[in-house]
Every structure is written in C-alpha cells, then in structure tokens.
Amino acid sequence: GVFNRLRAAYLVLRSPFRRESYLEQLGDAAPSGGEAHAESAEEAEKELAQGEAHLAEGRYEKAAWHFRRAVEGDERSATAHARLGWALHKDSPTDHVATREAHRLLERSLQLDPELDVAHQYLGHLHLAADDADQARHHFQKALRTNPDNADAAEQLKTLG
C-alpha cells in the first residue's frame, strides 16, 4: 500500500546510487533506432560487467545500480534481470519491498530465459530466506538440471537433505 511506496521512495532517496539512477530515469530517454540499440546493448554489457565486479566484492548497492542500468539498456537480458534481483536482495535481505522486487526481477529473468540456472539458484536462496524449503529445493534442482556445474545449487541441495 501507501506505506510500502513511501518506504521504497525513502530507500531510493537515501542512497546516492539509487537516487542517481532514479534521476537519470527522469531525464530524456535514449533515441530509438538500430544504431542507438547497438550502442545501448554494448553499454548494457559494460554495465553488466561492472555490476558483476561489484557483486563479487560484496558491494551490492553499487552492483544493483549497474545492473539496473544494464536492464534499462537491454530489456531482454535475462542475466541482467537475475543479477539485479540478486543484488537488491543481498543489499537489503530483510526489506520486504526489496525482496518483492527481487522476486519479480528473477521471475522476469526466467520468462526471458527459462534455462538460466542462476535465476533458479537465486530464487532458491530467496525461498530459503523465507523459510520455504520445498520451493528452495525445487529451484536448486532446476538450477542443477540446467547447469550440472552449479556448485552453489549442489551445495544447497546437500544442506537441505
């Protein structure tokens, strides 16, 4: 309701990275066309790489900022949606608004690419955090089916029994 919207607005405004991203969204949209799309996709790849570097270092807020820009640059990138959802969750694991947004982004990622193992892996972790072991197990199993080398999913399944 209204309280959740106010809280979401507060979270955006208090964070310099989220605030900057929001202000950029308010600016003019990029021109459309083939050349602009190619530039946009290339820029999205750069943002994705920068976000992944921040994610690996545990700088979740900065990672989310870059992943959001990657999603804006390439709306069809399942990986960008999945990474943004995961970074939002990791940045605010107890925030219900952030968790709902993370879940929405991960579901969108799977709509774009049902075989993306990390989307299932991240959803498994979100379900674990919500004490839903059955759904967590389901997503970790799907992650392993699509990528048998997903060590995190294998480890989580072993822990779940």
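Data overview
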read-out	value
Search result, residues across segment 40-67 that are open to solvent by 70 Å² or more (accessible area, probe 1.4 Å), in a helix (DSSP H, G or I) and among the charged types (D, E, K, R)	E42, E43, E45, K46, K62
Segment 142-161 - residue that is among the aliphatic types (A, V, I, L, M) and surrounded by 14 or more Cβ atoms within 10 Å (Cβ to Cβ) and, of those, farthest from D117 (Cα to Cα)	L160
Residue match in segment 107-114 (condition: within 26 Å of L160 (Cβ to Cβ), of a type in the set (G, A, S) and not in a helix (DSSP H, G or I))	no
Unique match (being in contact with a Leu (Cβ under 7 Å, 6 or more places away or on another chain) and open to solvent by 70 Å² or more (accessible area, probe 1.4 Å)) among R83, R76	R76
Subset of segment 82-110 [within 9 Å of the chain's Cα centre (by Cα) and under 18 Å from E61 (Cβ atoms)]	A82, R83, L84, G85, W86, A87, L88, H89, E101, A102, L105
Residue in segment 100-122 that is within 20 Å of K46 (Cβ to Cβ), at pLDDT 95 or above, of a type in the set (S, T, Y) and in contact with a helix residue (DSSP H, G or I) (Cβ under 9 Å, 6 or more places away or on another chain) present	yes
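The values are calculated or read from the model by the stated rules, or taken from the named source; none is laboratory data. It should be emphasised that the depicted structure is a prediction, and the values quoted were computed from it without experimental measurement. Cβ sites come from the backbone with ideal geometry, for glycine too, and all protein chains shown count toward neighbours. To get the accessible areas, we keep the full protein, side chains included, count just its heavy atoms, and leave off ligands, DNA and RNA. Shrake-Rupley method; radii C 1.70, N 1.55, O 1.52, S 1.80 Å.
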